[in-house]
Amino acid sequence: MTAPREVLDCRGQRCPLPVIAVARRLPELPVGTVVRVLADDPAAAVDIPAWCRMRGQEFLGKVTGEDGPAYDVRRQH
Amino acid sequence: MSASPVYLDAATAAPLHPVARQALLAALDDGWADPGKLYAQARRARQLLDAARAATAETLGVRPDELSFTGSGTTAAHAAVLGGLAGRRRVGPILVHSEIEHSAVLHAAERHTAAGGTALGVPVDRLGRLDVAAWETAVHAPGVALAALIAASHEVGTVQPVEEAAVACAAAGVPLYVDAAQAVGRVPVPAGWSVLTASAHKWGGPAGVGLLVVRKGTRWESPWPADERESGRTPGALNLPAVVAAAASLRAAAADAAAEAARLAPLVDRIRARVAAEVPDVEVVGDPGHRLPHLVTFSCLYVDGEALLHALDRRGFAVSSGSSCTSSTLRPSHVLEAMGVLSHGNVRISLHRETTEADVERFLAELPGIVADLRTEAGVVGL
């Protein structure tokens, strides 16, 4: 898997805030960039992939590390 | 001046049917005695209970002795799951269920797994329809005691392939439990099940009455301590006036069901089309074709579900939501999660016999502005 270039720390934020964070940041980065969203709100597991589908961005998957659950998203366009 | 309230949450509780009110008031005078006793007042109560059972069984197309009344739809669901598993514990410990069952069914499944049993969830697709091939494989595994499938999703309205699921269960020799809470009194329930439950306040009866039907020949064992009432299936005294009102209103609702479905389904179609066209960045979820006639769900991107419910309430609209911020556990709806659809900014609309076209039009006229205001406040316009 491509290493993320940037980490958005959305821990402690409730949905839709993590989704809003990725929607704000991703278009500022070059196409192909991978962003990792750290989010401990259980709704992020549903809503980040759903946002990617609605916006035509690529959802790479969920990773659970020391910092808790994280979601990798790649800018497609 | 505030506009008149518009109640759009019939899937939680439908407004009391006028027939239910009438029957309830009459039965309060006549049905207070214990129907199990041997005196005149008890015989009168027994007559009312027998008549309620006969009428309800006839509406459902089952034998009166297959039907027990319970203290709620939730209790009926718990009894269906735990009793169905207990009755076939010699066969094995596995409960197969769809991933979109009502929480009452899932909570009973949790009780079962906490006691050492197994619960196996079968997935649904993006529209909320059961994966029939996965279901077939699951029920054919050795050790399956019971399979549970909701007749139609209470959250997104998608009607489930009950007939196909029943055929698979019959081939595997596994009894099928169908939670028909959103179907009874509204749409026909396909045959082939062994256990069925429903809930009176979903069709316009009073709260506090559930139905538990166990077909003849089904191995079912009460999960409760022994009690002789309701064929040993429901412990404790029934709220007989409420049971009488439930039975009367079910007969009335079932008689009007086809006409009501024909009136409400186009209103739901209108909501689906107009919300998708007039609210930007909205996902209307559930199957557009195979669905309940009275229920529709959608999610608004970047909108907080709780804020949306409060904003709608301030304008007089009572609706429900599957968003995590509106649940006491702060988890998103397991149904939206299983479907893989957006869970925040979620609204469930469910119509009933008092819902008018004007109510729906007022909702559709006000919703786009309410969502736009919330997005402006949150600074998410143009994202």
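Considering every residue within segment B:309-318, establish whether at least one is within 14 Å of chain A (Cβ to nearest Cβ), in contact with a Phe, Trp or Tyr (Cβ under 8 Å, 6 or more places away or on another chain), buried (at least 20 other Cβ atoms within 10 Å of the Cβ) and under 14 Å from B:Leu367 (Cβ atoms). The answer is no, given that none of the residues of segment B:309-318 is within 14 Å of chain A (Cβ to nearest Cβ), in contact with a Phe, Trp or Tyr (Cβ under 8 Å, 6 or more places away or on another chain), buried (at least 20 other Cβ atoms within 10 Å of the Cβ) and under 14 Å from B:Leu367 (Cβ atoms). When B:Glu377, B:Glu361, B:Glu354, B:Glu306 are checked against the criterion of being within 11 Å of another protein chain (Cβ to nearest Cβ) and either open to solvent by 10 Å² or more (accessible area, probe 1.4 Å) or outside any helix (DSSP H, G or I) (or both), B:Glu306 stands alone in meeting it.
Answer yes or no as to whether A:Arg74 is more than 14 Å from every other protein chain (Cβ to nearest Cβ), in contact with a Ser or Thr (Cβ under 8 Å, 6 or more places away or on another chain), of a type in the set (Lys, Arg) and open to solvent by 10 Å² or more (accessible area, probe 1.4 Å).
yes
Restricting the first member to segment B:355-383 and to residues that are free of Cβ contacts under 8 Å to residues at least 60 places away in the same chain, and the second to residues that are surrounded by 12 or more Cβ atoms within 10 Å (Cβ to Cβ) and not in a loop (DSSP other than H, G, I, E, B), the beta-carbon pairs closer than 7 Å and six or more apart or on different chains are B:Val381/B:Arg375.
Is it the case that some residue within segment B:238-258 is within 14 Å of another protein chain (Cβ to nearest Cβ) and either touching a helix residue (DSSP H, G or I) at 6+ places or on another chain (Cβ under 7 Å) or of a type in the set (Lys, Arg) (or both)? Even if it seems obvious, please write down each step before you answer.
Narrowing segment B:238-258 to residues within 14 Å of another protein chain (Cβ to nearest Cβ): none.
No.
Does B:Arg46 fit the bill of being in contact (Cβ under 8 Å) with a residue 60 or more places away in the chain, crowded, with 16+ Cβ neighbours inside 10 Å and of a type in the set (Lys, Arg)?
Values: in contact (Cβ under 8 Å) with a residue 60 or more places away in the chain: no; crowded, with 16+ Cβ neighbours inside 10 Å: yes; of a type in the set (Lys, Arg): yes.
It is false that B:Arg46 is in contact (Cβ under 8 Å) with a residue 60 or more places away in the chain, crowded, with 16+ Cβ neighbours inside 10 Å and of a type in the set (Lys, Arg).
Say we look at segment B:320-350 and pick out the residues that are open to solvent by 20 Å² or more (accessible area, probe 1.4 Å) and aliphatic (A, V, I, L, M); which of these is nearest to the other protein chains (Cβ to nearest Cβ)? If we take residues in segment B:320-350 being open to solvent by 20 Å² or more (accessible area, probe 1.4 Å) and aliphatic (A, V, I, L, M), then B:Leu330 is nearest to the other protein chains (Cβ to nearest Cβ). Flag not set for B:Ala26, criterion: open to solvent by less than 30 Å² (accessible area, probe 1.4 Å) and assigned to a helix (DSSP H, G or I).
Of the strands (runs of 3 or more DSSP E) lying entirely inside segment B:175-291, those carrying at least 1 residues that are open to solvent by less than 10 Å² (accessible area, probe 1.4 Å) and closer than 26 Å to B:Glu354 by Cβ are B:195-199, B:210-214, B:282-285. The residue that is surrounded by the most Cβ atoms within 10 Å (Cβ to Cβ), among those in segment A:46-59 that are touching a residue at least 12 places away in the same chain (Cβ under 8 Å) and more than 9 Å from the chain's Cα centre (by Cα), is A:Asp47.
The values are calculated or read from the model by the stated rules, or taken from the named source; none is laboratory data. Predicted model, so just to flag it, every value in this text is computed and none were measured. Note that we place each Cβ from the backbone using ideal geometry, even for glycine, and neighbour counts take in every protein chain shown. The area values use the complete protein model at the heavy-atom level, side chains included, leaving out ligands, DNA and RNA. Shrake-Rupley method; radii C 1.70, N 1.55, O 1.52, S 1.80 Å.
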